[in-house]
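The values are calculated or read from the model by the stated rules, or taken from the named source; none is laboratory data. For clarity, every value in this text was computed on a predicted model and none was experimentally measured. Positions of Cβ are backbone-derived with ideal geometry, glycine not excepted, and every protein chain shown enters the neighbour counts. Accessible surface areas use protein heavy atoms only, side chains included; no ligands, DNA or RNA. Shrake-Rupley method; radii C 1.70, N 1.55, O 1.52, S 1.80 Å.
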Amino acid sequence: MAERVGVYVCHCGSNIAGVVDVEAVARWAEANLEGVVVARDYKFMCSSLGQELVKEDIEKEGLTRVVVAACSPHLHEKTFRRACAAGGLNPYYFQMASIREQVSWVTEDRAQATQKAKMLIAGAVQRVLHHQALEPSQVPVNEHTMIVGAGIAGIQAALELADAGHPVYLVEREPSIGGHMAQFDKTFPTLDCAACILTPKMSDVDAHDNIKLLSYSEVEEVSGFIGNFHVRLRKKARYVDEDTCTGCGICIEKCPKKVVDEVFEAGLGYRKAIYRPFPQAVPKYPVIDTESCIYFERGTCKACEKFCPTGAIDFEQQDSMMELDVGNIVLATGFRLFDCTRIPQYGYGRLANVFTSLEFERMGNAAGPTGGRIVLRDGVTEPKSVAIVHCVGSRDSRHHPYCSAVCCMAALKFGHLVLERTQAEVYSFYIDIRTPQKGYEEFYDRLQEEGMHFVRGRVAEITDAARSPGEEGKLIVQVEDTLIGRQRRVPVDMVILMGAMEPRLDAKEVAVRFGISCSMDGWFIERHPKLDPVATMTDGVFIAGTCQGPKDIPGSVAQGAAAAARVQGMISRGTVLIEPVVASIDESKCSGCRICNDLCPFNAIDYLEQEGVSRIQTALCKGCGTCVAACPSGAITGAHFNDEQIMAEIEGLLYDVLHTNGAQAPAEEPAPA
Amino acid sequence: MSDETFEPRIVGFLCNWCSYRAADLAGTARIHYAPNVRIIRTMCTGRVDPTFVLKALALGADGVMIAGCHPGECHYLEQNFKALRRYQMLKHTLRALGIEEKRLRLQWASAAEGAQLAAAISEMTETVRRLGPLNWRDNWDEGDRYEQAIESLAREHAEALEVPA
């Protein structure tokens, strides 16, 4: 049976009709294009009346295919698919031609615009003739959720979901949850104590019936798809039995080996070989660091084992593997601080009294290595002057082009802490001060009143080479003060480098493991930068917090909660529809060459050894079509983007060449506007 | 037909996630560019079978543009690298067939790069305008270049795929 195609050309008010002669286009389509039985132009196709038109024509004219020439399919493809469905037509018997975004909005010449619109419609009509009816498939959603990373964003997401009654696995690679926030003393701009607001949430996580905390664990493998992920993780050996340990801490007290804590204390403090990162750590169980433990080094000691009242120390413990089935995954893997040694002229690592922001956070922390005293590297001398250098590694084409978002506010907070706790003068060397959230600008005003000095200019160098007696024994900050237009040398005792937030070193590997993508910088990419900020292109995998880009605590919390809300939506619906745009293999044509197997980044193609053919797991296929293009036997078909459809579209788009024997079609006189 | 009035016909294969959205953005931002590229949406540049490109040229297109996400930003992780490989192979094939390789262009354009995509389209249109009509369709019947192209393509396709992904 010959297909009956309806073509609808939208005016979009004057958006399209102002440039394209829509009536002529519709008349032309009806007269020239094979299969077209109805062609209409209409003011607003997306209006309910426009949709009604499609529906009525399907019923009355017996249309079997529909083409709407209007805006981008990203805007209204779904609308018109619904209209087709309402008329009793399979929604995939529909094709859209984008004559607004691709024609009327980008072309001034009416004749050329009209011609291009005709060709796009010819392409759509020829394509739609080859469309096939498709049905989205439905799969159930497992109620369990895995959250990876237990900083503030992950904790928030876990608590939201758990409070809503859903089971959560919270996975953290470090021995304790809390993330970077646990290292801070105060939080800007309200100067709440970070521990006072974070540790209650940590205890809630620990005590919650719906949260299974998997600390000191890492995800090794993820397979499956939305609603039905299968995860394998490695639970690293703590050498402490969690079932018998009471968390009394005697083992830590008795351990004779003290080492510098490079992680939690940022190298400023010490910990034992058996340790908890900080007193309020969750879970409370300590962990043995085998690199520094005397027993693991020399085979003797076992002081912890001797003193442990419950016999929880287990030197024989091994890493164990766990398998989880979850419906959704939230990634909240956080950031790392820019390695300040990468800017050698700032002297970090060479000049003792140059500190990173994270080191200063620990120093300012009342529970930190100096008990909150702000002192030079010697541990006793209070600085008389402190320089805070902004944008270290950020807003810098040699390192990261982006603004790291939080450092201005953190620098103001540091300024406040120094002014509050010492007699020192504080200088901030900034490019711009950025304070775009509630209460932030007010905090900046407050610091100006408190007497922090602001010097606008990017610091060129920090050096200990004195040029005058006043500079002896000081660190000199060399900077061009761009407000007065002069070079300045500012001698100080202490320098704090506001390092940029960076993606985790293994962000790209993690992205590949979870099937999501990273930007050039290495931040995870959201589904839409404005309208879908916590979803990713992989259904069922969400992102929250700083793994998506630099942001502060309120931003991370909001994203954690948002991700939880999205997951809850999936869980309460119970099933998900999967777009039928997937590839399939005609096994009678498949030669079993396995070329496609390696091309698929989602491991959706399995080779069946016995049958000697490959088979696609529909639920894993994302429909990119790479295997379709690669199959040497033409055995793979990409639904809704098959060879026939695309070839027909190419032919349609070149209608003018094919129907005028290569000569240019004379441009029609445009009708008066 | 004189060169002044020659309006090249270019077929564009744009990936759904980055470049098609860049085209949308160029529209929303009312960036005017040459109306010579007729766009086909594919889910990914990885879907662009080299035969599509040859088919377009054989049917009368004067040039073909393939546009997708920047390397490392592919929504299917790495499939644009496969497009890149096929592009190199295609250029080689076109060269062998005596067709100017500038008639084929691979353009990276993220969803935020409407202006860049528009500029690339205008630039390519001018390039192809200078090259003149391809008229492959009128010519290939006379010789066996189309067959040659397909054969050469199939051979190179097979060779290229011997390298593991």
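Among A:599-607, A:463-471, how do they line up from the highest to the lowest mean number of other beta-carbon atoms within 10 Å? Mind showing how you got there, number by number?
Values: A:599-607: 18.6, A:463-471: 12.3.
Going by the mean number of other Cβ atoms within 10 Å, highest first, we get A:599-607, A:463-471.
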Area of A:LEU49 that stays accessible when all protein chains are in place (1.4 Å probe, Å², to 10): 120 Å²
Relative counts (whole %) of C-alpha pair distances in the range A:356-467, using bins that are 5 Å wide: 2, 11, 20, 23, 20, 15, 7, 1, 0
Starting at the first residue of the range A:192-206, write each ³J(HN,Hα) from the Karplus equation 6.51 cos²θ - 1.76 cosθ + 1.60 with θ = phi - 60°, in whole Hz, x for Gly and Pro. 5, 6, 4, 4, 5, 9, 8, 4, x, 5, 5, 5, 4, 4, 4
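Roughly speaking, what is the stretch gain from A:SER591 to A:CYS193, that is 0.36 nm per residue apart minus the C-alpha to C-alpha distance, in nm to one decimal?
Values: separation 398, 0.36 × 398 = 143.28 nm, distance 6.55 nm.
Using 0.36 nm per residue and subtracting the Cα-Cα distance, I get 136.7 nm.
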Förster radius 45 Å - calculated FRET efficiency between A:THR341 and A:LEU531 (Cβ-Cβ, nearest 0.05): 0.65
Note: A:634-643 gets an average of partner chain Cβ contacts (10 Å, Cβ to Cβ) equal to 2
What are the residues whose amide H is under 5 Å from the amide H of A:ASN642, where those residues sit 5 or more places off or on another chain and H is modelled from the backbone? none
For the range B:87-94, in residue order, the Karplus 3J(HN,Hα) values (coefficients 6.51, -1.76, 1.60; θ = phi - 60°; whole Hz; Gly and Pro = x) are 4, 4, 5, 5, 4, 4, 4, 4
Any lysines with Cα under 27 Å of the A:LYS530 Cα? List them, leaving off those in the same chain fewer than 8 positions away. A:LYS78, A:LYS438, A:LYS508, A:LYS551, A:LYS622
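Counting alpha carbon pairs within less than 8 Å and at least 6 residues apart, what relative contact order, in whole percent, applies to the range A:162-267? Present the calculation step by step, with values, prior to reporting the outcome.
Working: 108 pairs, mean separation 27.4, N = 106.
Averaging sequence separation for qualifying contacts and normalising by length gives 26 percent for the range A:162-267.
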Decide, for the range A:250-307, between rounded, prolate and oblate: order the square roots of the alpha carbon gyration tensor eigenvalues as a ≥ b ≥ c, take rounded if a/c falls under 1.5, and otherwise choose prolate if a/b is larger than b/c, else oblate. oblate
Taking amide H positions as placed in the peptide plane 1.01 Å from N, state which residues far from A:SER137 in sequence (5 or more) or on other chains have amide H under 5 Å from it. A:ILE578
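What FRET efficiency comes out for A:VAL139 versus B:ARG30 if R0 is 60 angstrom and r is the Cβ-Cβ distance? Round to the nearest 0.05. Working shown, then result.
Details: r = 42 Å, r/R0 = 0.70.
E between A:VAL139 and B:ARG30, to the nearest 0.05, is 0.90.
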What spacing in nm lies between the two simple spin-label points modelled at A:GLN610 and A:ALA207, each 7 Å away from Cα in the Cβ direction? 5.5 nm
Convert each backbone phi in the range A:603-610 into a coupling constant with the Karplus relation 6.51 cos²θ - 1.76 cosθ + 1.60 (shift: θ = phi - 60°), then list the ³J(HN,Hα) values in order as whole Hz, x for Gly and Pro. 6, 8, 10, 9, 9, 8, 4, 5
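For the range A:271-340, rounded, prolate or oblate, judged on the Cα gyration tensor with a ≥ b ≥ c (square roots of eigenvalues), a/c < 1.5 rounded, else prolate if a/b > b/c?
Verdict is prolate for the range A:271-340.
For A:99-110, what's the mean count of beta carbons from other chains sitting within 10 Å of each residue's beta carbon?
Values: counts 0, 3, 11, 12, 3, 2, 8, 14, 6, 2, 2, 0.
For peptide A:99-110, the averaged partner shielding equals 5.
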Other-chain or far-sequence residues with amide H under 5 Å of B:LEU106's (modelled H): B:ILE66
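Around A:ARG456, what is the net charge, scoring Lys/Arg as +1 and Asp/Glu as -1 over all other residues with Cβ under 14 Å from its Cβ? Can you show the working numbers first?
Working: positive: A:ARG395, A:ARG434, A:ARG458, A:ARG486, A:ARG488; negative: A:ASP432, A:GLU480, A:ASP481.
Its environment carries a net charge of +2.
Could you list the square roots of 5 times each eigenvalue of the Cα gyration tensor of the range B:8-162, that is, the equivalent ellipsoid semi-axes, sorted largest first and rounded to whole Å? Each step should come with its number before you reach the end.
Working: eigenvalues 132, 77, 22 Å².
The answer is 26, 20, 10 Å, longest axis first.
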Please give the length that would be gained between A:GLU449 and A:GLU420 if that part of the chain were fully extended, namely 0.36 nm times their separation in residues minus their C-alpha to C-alpha distance (nm, one decimal). 9.2 nm
Using 7 Å Cα-to-Cβ label points, what is the A:SER633/B:GLU159 separation (nm, one decimal)? 2.5 nm
DSSP beta bridges in chain A [antiparallel fraction, %, rounded to 5]: 50 percent
Could you order A:CYS255, A:CYS593 so the one with the most accessible surface comes first? Probe is 1.4 Å. A:CYS593, A:CYS255
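Considering only the other residues whose Cβ falls under 13 Å of the Cβ of A:ASP493, what net charge follows from Lys and Arg at +1 and Asp and Glu at -1?
On the way: positive: A:ARG377, A:LYS384, A:LYS474; negative: A:ASP378, A:GLU382, A:GLU425, A:ASP464, A:GLU471, A:GLU472.
Here the charged neighbours net out to -3.
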Cα-based helix-to-principal-axis angle, A:22-32 vs chain A, degrees rounded to 10: 60 degrees
Taking each residue of A:530-538 in turn, how many C-beta atoms of other protein chains fall within 10 Å of its C-beta, and what is the average? 1
To the nearest 10 square angstrom, how much accessible area does B:GLU159 have with a 1.4 angstrom probe? 100 Å²
Residues of the range B:70-90 buried by at least 30 Å² on assembly (accessible area, 1.4 Å probe, chain alone as reference): B:GLU73, B:HIS75, B:TYR76, B:LEU77, B:GLN79, B:LYS82, B:ARG86
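For the full complex of protein chains and a 1.4 angstrom probe, list A:GLU253, A:GLU449 by accessible area with the highest value first. List each step's numbers first, then the result.
Details: A:GLU253 130, A:GLU449 160 Å².
The most accessible residue leads, giving A:GLU449, A:GLU253.
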Could you state the accessible area per residue of the range A:553-628 in Å², with a 1.4 Å probe and every protein chain left in place? 46 Å²
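Show me the GluC sites (Glu not before Pro) within the range A:316-376 that DSSP assigns to loop and that have at most 11 other Cβ atoms within 10 Å of their Cβ.
Working: sites: A:GLU316, A:GLU323, A:GLU359, A:GLU361; in loops: A:GLU316.
Here the GluC sites (Glu not before Pro) that fit, given the DSSP loop and packing criteria, are A:GLU316.
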Suppose accessible area is computed on protein heavy atoms with a 1.4 Å probe; arrange A:SER104, A:SER588 from highest to lowest. A:SER588, A:SER104
